[in-house]
Amino acid sequence: MDYEIRKASLRDMPKIEAIYANARAFMAERGNPSQWGASRPALARLRQDVAQGNLYVITKEETIHGVFAFILGDDPTYHVIMGGSWHSERPYGTLHRVAGDGSGGIFSAAVDYASRQIDYLRVDTHEKNRPMQNAIARAGFRYCGTILTDDGTPRMAFDRLREQNVSAINV
């Protein structure tokens, strides 16, 4: 599906909230009721993301099909990683709060957008979120270890470094 991506605005919030409600139900039906519980991501967090210019919507023909936060720079929850390590310590962008309406290809669209902004990406997900783990693997991310979120719950952490020019490496 050919999507367009733009920064979210406060007028998008009703559709964004509906997408997150759908995602929470989807996760709960598939054995992952605790990742976002009944109320995450919090509306205040989403409004803060909009105000900071970090929340994006994925659209087709002006209909919102997905939403994600993309944050360039340091993420404090990634300072400590247990049971592994990041594959690079270079500047990175983080994908958070990725959700869709079931149209498919939402994570791929978010990764494509983010990787055009920076060559090193990080993402995390709950150990029970198998659909997201599969999407992360399909997008070429590698498992790094476990991080703790801002509320202290563990998440599987992954990163992806866009490959460099092979001929330059093999000289």
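The values are calculated or read from the model by the stated rules, or taken from the named source; none is laboratory data. Just so you know, these numbers come straight off a predicted model, no measurement behind them. Neighbour counts are summed over all protein chains in view; Cβ atoms, including those assigned to glycine, are modelled from backbone coordinates with ideal geometry. Just so you know, the surface numbers come from the protein's heavy atoms only, side chains and all, with ligands and any DNA or RNA stripped out. Shrake-Rupley method; radii C 1.70, N 1.55, O 1.52, S 1.80 Å.
Descriptive notes on the structure:
- Modelled this way, with points 7 Å down the Cα-to-C-beta line, the labels at residue 128 and residue 17 are 2.6 nm from one another.
- Accessible area of residue 153 in the full protein assembly, 1.4 Å probe (Å², nearest 10): 50 Å²
- Placing a pseudo-label 7 Å from each Cα along the Cα-to-Cβ vector at residue 38 and residue 25 gives an inter-label distance of 1.6 nm.
- Neighbourhood charge, 11 Å Cβ-Cβ cut-off, centred on residue 118 and excluding it, Lys, Arg +1 and Asp, Glu -1: +4
- Compared with the dominant Cα axis of the chain, that is its longest principal axis, helix 13-29 is turned about 70°.
- Radius of gyration and maximum dimension Dmax of the chain, Cα, Å: 15.9, 54
- DSSP-defined beta bridges in the chain - what % are antiparallel, rounded to 5: 90 percent
- Global form of segment 79-171, assessed from the alpha-carbon gyration tensor, a/c cut-off 1.5: oblate
- Scanning the chain for trypsin sites (Lys or Arg not before Pro) that sit in a DSSP loop and have at most 16 other Cβ atoms within 10 Å, the longest stretch containing none of them is 31-115.
- Taking only protein heavy atoms and a 1.4 Å probe, the accessible area of the chain is 50% carbon and sulfur.
- The charge dipole of segment 29-171, taken about its Cα centre with unit charges on the Cβ of Lys, Arg, Asp and Glu (plus for the first two, minus for the last two), comes to roughly 220 debye.
- Largest GNM mean-square fluctuation across 109, 18, 99, computed for the chain with C-alpha springs under 10 Å, falls on 18.
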